[in-house]
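Asker: Below is a structure I'd like to ask you about.
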Amino acid sequence: ANALVIENLQKTYKGGVHAVKGISLTVNQGDFFALLGPNGAGKSTTIGIISSLVQKTTGSVKVFGFDIDQQLEEAKLCIGLVPQEFNFNQFETVLQIVVNQAGYYGVPRHIAFQRAEKYLSQLDLWEKRDSQARALSGGMKRRLMIARALMHQPKLLILDEPTAGVDIELRRSMWEFLKEINQQGVTIILTTHYLEEAEMLCRNIGIIDKGLLIECTSMKSLLSKL
Ligand code: ADP
Ligand code: ADP
């Protein structure tokens, strides 16, 4: 089955920037997929469209078979998004942030608390559950974003530059966590501009430059060419 099918996706922002110029891409269920490319290549725009934060200009996007034009709610339920910017309420506690997120998705409260304990513990945040988000370090905030995105148990986790600005030790532990989530069956798509990160984690890779997908292949075959 396909987790994601994108056909001829294009995005021109108001003002005329042609950020995505016709991208077609398929990601299989269970895959760990990297979108690699330099700043400004169109990675955030692409995942913004997939997760319906950004309006596309033309093209089609299907998430687990749900077309985002026709079955947006079903598509959204499949997706957990970890955007680059911290967009939680800084004055809420860690526990409130993740439990409320589950609430938005209709997860019963007692289940939300069970999941919160599980994910916050795995991400080494359980001790911080009663701290306001603003008191967390950058790395902790990043992990909080990941825990929050998992609270409705999405089939597809999308992360935009998840380890940007994170030190190497924490980066490694986040990688381990993501690998484990993927092994449990969650399809993962992340954007990165570190080839090393893609190499450590991903089975397949798409390289984006100037709004075009210039390569889409397995990590193995890419590395054999370098
Ligand atoms: P990446 O994630 O690969 O760094 P982006 O998708 O953020 O690339 O950006 C692609 C291009 O679109 C860049 O030229 C960027 O300046 C432009 N862009 C991104 N967001 C907006 C926006 N909201 N309005 C106008 N232009 C934008
Ligand atoms: P509020 O204004 O209530 O604090 P937000 O503006 O943070 O909420 O979010 C508005 C909606 O977008 C909520 O329904 C929330 O579930 C959803 N949302 C925000 N961030 C994410 C994310 N990272 N992943 C999935 N859904 C999100």
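The values are calculated or read from the model by the stated rules, or taken from the named source; none is laboratory data. Please read all numbers here as calculations on a predicted model, not as lab measurements. Positions of Cβ are backbone-derived with ideal geometry, glycine not excepted, and every protein chain shown enters the neighbour counts. SASA here: full protein model, heavy atoms, side chains in, ligands and nucleic acids out. Shrake-Rupley method; radii C 1.70, N 1.55, O 1.52, S 1.80 Å.
Asker: Any idea what the dipole of the stretch 155-206 comes to, in debye rounded to 20, about its Cα centre with Lys/Arg Cβ at +1 and Asp/Glu Cβ at -1?
Answerer: Details: 5 positive and 9 negative charges, 56 e Å.
Approximately 280 debye in magnitude.
Asker: Amide H to amide H under 5 Å from residue 54: which residues, 5+ apart in sequence or cross-chain, H placed 1.01 Å off N in plane?
Answerer: 49
Asker: Kindly provide the GluC sites (Glu not before Pro) of the stretch 66-100 that DSSP labels as loop, not H, G, I, E or B, and whose Cβ sees at most 11 other Cβ atoms within 10 Å.
Answerer: Details: sites: 73, 74, 85, 92; in loops: 85, 92.
Loop-located and lightly packed - 85.
Asker: Quick one: order 77, 212 from most to least accessible surface, probe 1.4 Å. Working shown, then result.
Answerer: On the way: 77 100, 212 75 Å².
Descending accessible area places them as 77, 212.
Asker: If you don't mind, there's one more thing I want to ask. Can you tell me the equivalent ellipsoid semi-axes for the stretch 72-135? Use √(5λ) from the Cα gyration tensor, largest first, whole Å.
Answerer: Details: eigenvalues 82, 46, 24 Å².
In descending order the semi-axes read 20, 15, 11 Å.
Asker: Moving on to the next point. Take the Cα radius of gyration of the chain and divide it by 2.2 N^0.38 Å, with N its residue count; two decimals is plenty.
Answerer: Numbers: Rg = 17.2 Å, N = 226, 2.2 N^0.38 = 17.3 Å.
So the Cα radius of gyration is 1.00 times the expected 2.2 N^0.38 Å.
Asker: Between beta-carbons, use under 12 Å as the cut-off and find the net charge around residue 184, counting Lys and Arg +1, Asp and Glu -1. It would help to have the intermediate numbers written out before the result.
Answerer: Numbers: positive: 118, 155, 179; negative: 180.
Charge balance in the 12 Å sphere: +2.
Asker: While we're looking at this one, here's another question. Could you compute how much accessible surface residue 209 exposes when probed at 1.4 Å, giving the result in Å² to the nearest 10?
Answerer: For residue 209, the solvent-accessible surface is approximately 50 Å².
Asker: Taking a 1.4 Å probe, which of 18, 110, 152 shows the most accessible area, and what order do the others take after it?
Answerer: Correct descending sequence by accessible area is 110, 18, 152.
Asker: Something else: Starting from the Cα of residue 43, draw a straight line to each of the aspartates and glutamates and keep only those under 15 Å, dropping any in the same chain fewer than 8 residues away.
Answerer: Excluding near neighbours in sequence, the set is 85, 160, 161, 209, 215.
Asker: Output ³J(HN,Hα) for the stretch 171-185: one whole-Hz value per residue in order, computed from phi by the Karplus curve 6.51 cos²θ - 1.76 cosθ + 1.60 with θ = phi - 60°, and x for Gly and Pro.
Answerer: 4, 4, 6, 5, 4, 4, 4, 5, 4, 5, 4, 5, 5, 7, x
Asker: Could you pull the accessible area for residue 66 with a 1.4 Å probe, rounded to 10 Å²?
Answerer: About 60 Å², rounded to the nearest 10.
Asker: Compute, for residue 168, the solvent-accessible surface of its heavy atoms (probe 1.4 Å) with the complete set of protein chains present, and express it in square angstrom to the nearest 10.
Answerer: Answer for residue 168: close to 80 Å² accessible.
Asker: In a shell of Cβ-Cβ distance under 12 Å around residue 65, excluding residue 65 itself, what net charge do Lys and Arg (+1) and Asp and Glu (-1) give?
Answerer: 0
Asker: My understanding is that a pair violates if its Cα-Cα distance is over 25 Å; which of 155/225; 56/210; 11/225; 118/220 do that in this structure? List each step's numbers first, then the result.
Answerer: Working: 155/225 32 Å; 56/210 17 Å; 11/225 31 Å; 118/220 33 Å.
Flagged as over cut-off: 155/225; 11/225; 118/220.
Asker: Please compute the alpha carbon radius of gyration of the stretch 35-147, then divide it by the globular-protein estimate 2.2 N^0.38 Å. Two decimals is fine.
Answerer: Numbers: Rg = 16.0 Å, N = 113, 2.2 N^0.38 = 13.3 Å.
After normalising by residue count via 2.2 N^0.38 Å, the value is 1.21.
Asker: Residue by residue through the stretch 59-75, which ³J(HN,Hα) values in whole Hz follow from phi under the Karplus form 6.51 cos²θ - 1.76 cosθ + 1.60 (θ = phi - 60°), with glycine and proline marked x?
Answerer: Here the 3J(HN,Hα) series is x, 10, 9, 10, 10, 6, x, 8, 6, 5, 7, 9, 10, 4, 4, 4, 4 Hz.
Asker: Quick one: Cα centre-to-centre distance for the stretch 165-180 and the stretch 74-134, in angstrom?
Answerer: The stretch 165-180 and the stretch 74-134 have Cα centres separated by 19 Å.
Asker: Anything over 28 Å Cα to Cα? Flag those among 21/179; 14/76; 62/141, in the order listed. Provide the component values of the computation, followed by the final result.
Answerer: Numbers: 21/179 31 Å; 14/76 25 Å; 62/141 30 Å.
Too far apart for the 28 Å limit: 21/179; 62/141.
Asker: Magnitude of the Cβ-charge dipole of the chain, K/R +1 and D/E -1, about the Cα centre, nearest 20 debye?
Answerer: 200 debye
Asker: Can you give me the long-range amide H partners of residue 208? Hydrogens built in the peptide plane at 1.01 Å from N, cutoff under 5 Å, separation of 5 or more residues or another chain.
Answerer: Those lying under 5 Å, H to H, from residue 208 are 36, 37, 214.
Asker: Going toward the positive end of the dipole of the chain, with +1 on Lys and Arg Cβ and -1 on Asp and Glu Cβ, which of 208, 187, 122 do you reach last?
Answerer: It is 208, whose Cα lies furthest towards the positive end.
Asker: From the protein chains alone at 1.4 Å, what is the descending order of accessible area for 47, 111, largest first? Walk me through the numbers before you get to the answer.
Answerer: On the way: 47 5, 111 50 Å².
Sorted descending by solvent-accessible area, the residues read 111, 47.
Asker: Using helices alone, I'd like the mean residue ellipticity at 222 nm for the chain: each DSSP H run of four-plus residues gives -39500 (n - 2.57), total over residue count, nearest 500.
Answerer: Details: 8 runs with 83 residues, N = 226.
That calculation yields -11000 deg cm²/dmol at 222 nm.
Asker: What's the carbon and sulfur percent of the chain's accessible surface, probe 1.4 angstrom, rounded to a whole number?
Answerer: Numbers: 5170 of 10720 Å².
Of the solvent-accessible surface of the chain, carbon and sulfur hold 48 percent.
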